[in-house]
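Comments concern the structure below.
The values are calculated or read from the model by the stated rules, or taken from the named source; none is laboratory data. A quick note: this is a predicted structure, and the numbers were derived from the prediction, not measured. Here the Cβ positions follow ideal geometry from the backbone for every residue, glycine too, while neighbour counts run over all protein chains shown.
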Amino acid sequence: MPRRTFLGSLSGPKVDVAIDMGNPFLNVAVDGFLKIGTVAATRAAAEDAYFIVKRGNISRHNFENTLKKMCREGAYWGTVAGVYAGMEYGAERIRGTRDWKNAMLGGALTGLLVSSACGHNKDRVVLDAITGGAIATAADFLNYLA
């Protein structure tokens, strides 16, 4: 059976905002917060817009709820991304090398911190740390392949 492949590239507009906090660690953390927070807020807006249009009920109440959800989701995921970016950068600086282990350490520490801050029990904190490390490592490997 013949195989078809796609030879080309897909790209969108690149928007890069740099905020200098005076410290490279803070610069990385704030950059992660802003980028992922924006994505999460946009996702929340698109999801709510879909359901509002589907129901055919556009009201001030729905609009206010959407804005609250956008802020909540953007702040949560932005914070997680900022913590991860900072942890990975810190691991890179401490270890003096740039490899997949930094992603693993950053993901594990982020999972541990976020889970602890949410008040989870000890077993859940450990599982969230393992999950964070695994996801970050897999993402780093996939990014390397792409």
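Descriptive notes on the structure:
- Any chance residue 75 is modelled with pLDDT under 95 and either of a type outside the set (Phe, Trp, Tyr) or surrounded by fewer than 21 Cβ atoms within 10 Å (Cβ to Cβ) (or both): no
- When region 47-60 is filtered for residues that are in a helix (DSSP H, G or I) and loosely packed, with under 11 Cβ neighbours inside 10 Å, the ones remaining, listed by number, are 50, 53, 54, 55, 60.
- Matching residues in region 21-34 - criterion: being in a helix (DSSP H, G or I), surrounded by fewer than 17 Cβ atoms within 10 Å (Cβ to Cβ) and not aliphatic (A, V, I, L, M): 24, 25
- Among the numbered conditions (1) touching a residue at least 40 places away in the same chain (Cβ under 8 Å); (2) farther than 23 Å from residue 30 by Cα, the only one that residue 136 does not meet is (2).
Residue by residue, here is whether (1) of a type in the set (Ser, Thr, Tyr); (2) farther than 19 Å from residue 46 by Cβ; (3) assigned to a loop (DSSP other than H, G, I, E, B) holds:
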position: 62; (1), (2), (3): no, no, no
position: 66; (1), (2), (3): yes, no, no
position: 70; (1), (2), (3): no, no, no
position: 75; (1), (2), (3): no, no, no
position: 79; (1), (2), (3): yes, yes, no
position: 84; (1), (2), (3): yes, yes, no
position: 93; (1), (2), (3): no, yes, no
position: 97; (1), (2), (3): yes, yes, yes
position: 104; (1), (2), (3): no, yes, no
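Rundown of residues vs (1) surrounded by fewer than 19 Cβ atoms within 10 Å (Cβ to Cβ); (2) in contact with a helix residue (DSSP H, G or I) (Cβ under 8 Å, 6 or more places away or on another chain); (3) more than 23 Å from residue 38 (Cβ to Cβ); (4) of a type in the set (Val, Ile, Thr), yes/no style:
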{"site": "89", "(1), (2), (3), (4)": "no, yes, no, no"}
{"site": "98", "(1), (2), (3), (4)": "yes, yes, yes, no"}
{"site": "108", "(1), (2), (3), (4)": "no, yes, yes, no"}
{"site": "138", "(1), (2), (3), (4)": "yes, no, yes, no"}
